[in-house]
Amino acid sequence: YSAIYGMPVSAIQWKGLTHVAQCYAMVNADGTLDLSTYGISANAAALVAAAHANNVKALLTIDQEPSPGTDLQNAITNHLTTLVTNIMSVVTTYGYDGVDIDWEPWNETANGAAQTSLAAALRTALGSNLLTAAISPWNYWGTHYSYYDQLNVMSYGGSGTWNTPNGL
């Protein structure tokens, strides 16, 4: 769900959904979050309430801006504690059931260590709440999945001459 597409929460068809991820809380290089660009601050309360009324888990999706950018990498490398504190503040304030990480573009060599640091810190902070990620490419995830409750495969880049999938 993203307010950017102009769909009101009341238009969501909840039947058959188990989870809804609200896109995007944009991560700034200093570990703060932009909750206004994609309507998180304007729509989170209504989305979470509607999701829970329909027995659906609501997740906060974090991303980087600008895309492609380095703000998420810099926030993790230089301000991990601040970033996790800010994410958890939003989760607690609005009553999200967890966090979804959508880091694009992502590269194992450049971003793998930071992804692992973020996942470990969020796993601890979230406790029993959910941690999910949208994943591609595949190599990294086969050995780093233990932090997550669910990995969602971005299949649009799953096969072809541009990306040979190695499986999970």
All-pairs Cα distance distribution in region 80-141, expressed in whole percent, bin size 10 Å: 21, 53, 24, 2
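Convex hull over the Cα atoms of region 4-110, averaged projected area in nm²?
On the way: hull surface 27.7 nm².
For region 4-110, the mean projected area of the Cα convex hull comes to 6.9 nm².
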Apportionment of accessible area to carbon and sulfur, region 74-145, percent (1.4 Å): 51 percent
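The values are calculated or read from the model by the stated rules, or taken from the named source; none is laboratory data. Predicted model, so just to flag it, every value in this text is computed and none were measured. Accessible surface areas use protein heavy atoms only, side chains included; no ligands, DNA or RNA. Shrake-Rupley method; radii C 1.70, N 1.55, O 1.52, S 1.80 Å.
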